[in-house]
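J.: For reference, the structure I am asking about is given below.
The values are calculated or read from the model by the stated rules, or taken from the named source; none is laboratory data. The shown structure was predicted, so the numbers you read here are calculated from the model rather than taken from an experiment. FYI the Cβ positions are ideal-geometry reconstructions off the backbone, even for glycines, and counts take in every protein chain you see. The protein model used for the area step is the full one, side chains on, heavy atoms only, and it has no ligands, DNA or RNA in it. Shrake-Rupley method; radii C 1.70, N 1.55, O 1.52, S 1.80 Å.
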Amino acid sequence: MCGIVGAVAERNITAILLEGLKRLEYRGYDSAGVAVLDNSGELHRLRRSGKVAELEQAQQQEQLTGRLGIAHTRWATHGAPCERNAHPHFSGDDLAVVHNGIIENHEALRKQLKALGYVFVSDTDTEVIVHLLRHKLDEFGDLTVALKAAAKELHGAYGLAVVSAKQPDRLLAARSGSPLVIGLGMGENFLASDQLALRQVTDRFMYLEEGDIAEIRRDSVQIWDANGQPVARESVQYHEGAEAADKGEYRHFMLKEIHEQPKVVQRTLEGRLGDHQVLVQAFGPEAAELFAKVRNVQIVACGTSYHAGMVARYWLEELAGIPCQVEVASEFRYRKVVVQPDTLFVTISQSGETADSLAALRNAKARTDKEGRYLASLAICNVGISSLVRESDLTLLTQAGPEIGVASTKAFTTQLVGLLLLTLALGQVRGTLAPALEAELIDELRRLPTRLGEALAMDTTVEKISEHFAEKHHTLFLGRGAQYPVAMEGALKLKEISYIHAEAYPAGELKHGPLALVDADMPVVTVAPNNELLEKLKSNLQEVRARGGELIVFADREAGIENGEGTFIVSMPHIHDVLAPILYTLPLQLLSYYVAVLRGTDVDQPRNLAKSVTVE
Ligand code: F6R
């Protein structure tokens, strides 16, 4: 989604700002801009719709230089993606603002400001911020005081960076609902919406908290909290992620991230497995006591993370004997829900900043006793400093490392691992999971990274299979039991990055409608581990073949499904049925990747999508 970079230094900072924007490209955006204060005290701006590369090209001609500046990648929410709406937004020629988030009272503010004579030149909600700030600046004379006053009138979510030609010694920042981090240098300081943007200049960071306003100068940082009180925020050294911003030998981040899965699954398991049991304290010191009380689980998430939740429902009910409901956050947050007693509220998110998931968590926490409270909240999340983690009672961090490809891959499989650990922990504490089965699954989990490596070794086989899809417009994905959400995830991956229409069905539903679509132009992808549903699945596959449909089946090598006319089998390593959803996800990721490459799409940044959906 939108990205912010800012800098105040003794040296020229334009290249630093542009490099920062490039590092944020993975979040998705549709225009980019930069504003720099030159050495004669004039504020200059460059904006382009499209990619940062176009902004860089413009910079080569314009050669903006300066020691104070802000930059932005915009993902349109108010107003079309065009240069006029791109940030930075100005009030006069000496005050500039970039903004992530949404100002909910922008219409009322716009009306007030227009009545005061301010002229608006964009359709954005951001422009009200810069004019409001100008208004306060005229009243108070000091930029920091003006920002504190303006912030009080803004409703909604924002991360802001502000510069003024009148006060060229400082870069200002304000955080409310959109993350911001200060990068600390030697005689220079930086600002960004994600520390990844600043890894080129520093490894020391200070994270702003909700309601913070910061005045960042070359040699000092001053922060005020939501109550206007001066606060010190801890500075931390960040080692993770340096390698993540680099594709290494891979053609795309997505392929790199698919191949990282054995390693990151291993990392997610580290420190969490005892000899024969899950270490329940991995979920936090109070987890054991809390888990003993859990009688229900409510899972809420979006997109790929929601699919992980759907797999977990099969595990929680079958292995831990706990009723489980799973729902997409955008629906859940607006629904009147009846809370069953002793329900654990679980959110799953790669970023931990997804607006709908965060709102669902906040609603869940705000419930009163009369409405029925949740027992506690647990976040399964990949970002330790995210809002979701900070606002949940318990956390299990997935250790996928930064995920750059917009289409989620390694985050999903590590979420599944986290959810299986949760299932085992709940079953263990509540005494509903036989210790022998838990021990067996712990052994299987230890072997999982090796199994995943074996699945990835089928890379070239899957690449060959992808040729079947290059010219197709529609596909069906089938699975039964816990493989049904895996089929959903496979279909989501294919549509996201290859733009082929893909739908997933539980295989048993085929004859209740979708079979009407099946013909020679509709490949049907199926995941078929060797379990008690295999025979039923085989009959479903016959139904497809009888209608001339082409079958691509990822099947256990002992499943007894043979290659034949119109049936292409990819033989999978044998795995315990409980862990099969994790293993069978990998070839589906590879399939969508290779189909997208064949179709020449922008694999890492598919059209219209953003990495982190921080607005509703
Ligand atoms: C799909 C994808 C999205 C995300 C969804 C939730 O490949 O990445 O569907 O899964 O936007 O994001 P997080 O997990 O960050 O809450």
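J.: Take the range 302-313 and flag every residue that is touching a Cys at 6+ places or on another chain (Cβ under 9 Å) and open to solvent by 40 Å² or more (accessible area, probe 1.4 Å).
T.: Listed by number, the list holds a single entry, R313.
J.: Keeping to the range 587-616, report how many residues are near the ligand (Cβ under 10 Å from one of its atoms), closer than 11 Å to V406 by Cα and not hydrophobic (A, V, I, L, M, F, W, C).
T.: Adding up the residues that qualify gives 3.
J.: Taking the range 261-318, which residues are within 16 Å of L424 (Cβ to Cβ), charged (D, E, K, R) and part of a helix (DSSP H, G or I)?
T.: R313, E317, E318
J.: Restricting to the range 101-121, and then to whatever is under 36 Å from the mean Cα position of the chain (by Cα) and not aliphatic (A, V, I, L, M), can you tell me which residue is nearest to Q222 (Cα to Cα)?
T.: G101
J.: Just the residues that are of a type in the set (A, V, I, L, M) and within 12 Å of the ligand (Cβ to nearest atom), please, taken from the range 390-425.
T.: Those that are of a type in the set (A, V, I, L, M) and within 12 Å of the ligand (Cβ to nearest atom): A400, I404, V406, A407, A411.
J.: Another question, if that's okay. I'm trying to understand the selection: among the residues of the range 217-232, which are farther than 17 Å from S176 by Cβ and either in a strand (DSSP E or B) or free of Cβ contacts under 8 Å to residues at least 40 places away in the same chain (or both)?
T.: Residues satisfying the conditions are D219, S220, V221, Q222, P230, A232.
J.: Which ones in the range 364-383 are away from the ligand (no atom under 16 Å from the Cβ), open to solvent by 10 Å² or more (accessible area, probe 1.4 Å) and touching a helix residue (DSSP H, G or I) at 6+ places or on another chain (Cβ under 8 Å)?
T.: K365, Y374, L375
J.: Also, quick follow-up: For residues that are polar (S, T, N, Q) and more than 32 Å from the chain's Cα centre (by Cα), scanning just the range 122-171, find the one that is surrounded by the fewest Cβ atoms within 10 Å (Cβ to Cβ).
T.: By that ranking, first place goes to T144.
J.: Filtering the range 30-85 down to residues that are acidic (D, E) and free of Cβ contacts under 8 Å to residues at least 24 places away in the same chain, which residue is nearest to R217 (Cα to Cα)?
T.: The extreme case among them is E62.
J.: Please count how many residues of the range 332-361 are more than 14 Å from the ligand (Cβ to nearest atom) and farther than 20 Å from V294 by Cα.
T.: Result for the range 332-361: 3.
J.: While we're looking at this one, here's another question. Quick check on the range 532-543. Is at least one of its residues of a type in the set (A, V, I, L, M, F, W, C) and crowded, with 24+ Cβ neighbours inside 10 Å?
T.: Taking every residue of the range 532-543 in turn, at least one turns out to be of a type in the set (A, V, I, L, M, F, W, C) and crowded, with 24+ Cβ neighbours inside 10 Å.
J.: While we're looking at this one, here's another question. Would a scan of the range 17-31 turn up a residue that is aliphatic (A, V, I, L, M), open to solvent by 10 Å² or more (accessible area, probe 1.4 Å) and part of a loop (DSSP other than H, G, I, E, B)?
T.: no
J.: Spot the failing condition for Y158; the list is (1) more than 24 Å from V221 (Cβ to Cβ); (2) part of a strand (DSSP E or B), and only one is missed.
T.: Every condition holds for Y158 apart from (1).
J.: Would you mind telling me which numbered condition in (1) modelled with pLDDT of 95 or more; (2) within 22 Å of Q200 (Cα to Cα); (3) acidic (D, E) E25 fails?
T.: (1)
Here's the yes/no breakdown for (1) surrounded by 23 or more Cβ atoms within 10 Å (Cβ to Cβ); (2) in a helix (DSSP H, G or I):
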| residue | (1), (2) |
| --- | --- |
| A400 | yes, no |
| E403 | yes, no |
| S408 | yes, no |
| F412 | yes, yes |
| L421 | yes, yes |
| L424 | yes, yes |
| A439 | no, yes |
| E454 | no, yes |
| V462 | yes, yes |
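J.: While we're on this one: Take E562 and tell me if it is at negative phi and outside any loop (DSSP other than H, G, I, E, B).
T.: Answer is no for this residue.
J.: Can you tell me which of T65, T14, T73 is over 30 Å from E616 (Cα atoms), β-branched (V, I, T) and buried (at least 20 other Cβ atoms within 10 Å of the Cβ)?
T.: Step by step, each of T65, T14, T73 is checked, and only T14 is over 30 Å from E616 (Cα atoms), β-branched (V, I, T) and buried (at least 20 other Cβ atoms within 10 Å of the Cβ).
J.: Just to be sure I understand, how many residues within the range 91-135 are assigned to a helix (DSSP H, G or I) and either modelled with pLDDT of 95 or more or out of contact with any helix residue (DSSP H, G or I) (no Cβ under 8 Å at 6 or more places or on another chain) (or both)?
T.: 19
J.: Among the residues of the range 278-313, count how many are β-branched (V, I, T) and either over 15 Å from C381 (Cβ atoms) or away from the ligand (no atom under 16 Å from the Cβ) (or both).
T.: Going through the range 278-313 one residue at a time, the tally reaches 5.
J.: Over 29 Å from W224 (Cα atoms), open to solvent by 50 Å² or more (accessible area, probe 1.4 Å) and part of a strand (DSSP E or B): which single residue out of R48, R84 fits that description?
T.: Only one candidate qualifies: R48.
J.: I need every pair where a residue in the range 167-185 that is in a strand (DSSP E or B) has its Cβ under 8 Å from the Cβ of a residue that is buried (at least 24 other Cβ atoms within 10 Å of the Cβ) and acidic (D, E), sequence separation at least 6 or different chains.
T.: Matching pairs, first to second residue: V181/D194.
J.: Turning to a different aspect of this structure: Give all pairs with beta carbons closer than 7 Å in which a residue from the range 245-262 that is of a type in the set (K, R) meets a residue that is assigned to a loop (DSSP other than H, G, I, E, B) and open to solvent by 50 Å² or more (accessible area, probe 1.4 Å); count only pairs at least 6 apart in sequence or on separate chains.
T.: Filtered contacts from the range 245-262: K256/K247; K256/G248; K256/Y250.
J.: I would also like to ask the following. For the range 494-546, which positions are over 24 Å from A455 (Cβ atoms), part of a loop (DSSP other than H, G, I, E, B) and within 35 Å of the chain's Cα centre (by Cα)?
T.: Y499, G513, V518, D521, M522
J.: Further question on the same structure: Which condition number does D443 fail, the rest of (1) acidic (D, E); (2) open to solvent by 10 Å² or more (accessible area, probe 1.4 Å); (3) within 16 Å of the ligand (Cβ to nearest atom) being met?
T.: Condition not satisfied by D443: (3).
J.: Another question, then. Answer yes if at least one residue in the range 317-328 is farther than 16 Å from T423 by Cβ and either open to solvent by 10 Å² or more (accessible area, probe 1.4 Å) or within 16 Å of the ligand (Cβ to nearest atom) (or both), and no otherwise.
T.: yes
J.: Mind listing whichever residues of the range 388-439 are modelled with pLDDT of 95 or more and acidic (D, E)?
T.: If the condition is that a residue be modelled with pLDDT of 95 or more and acidic (D, E), then E438 is the only one that fits.
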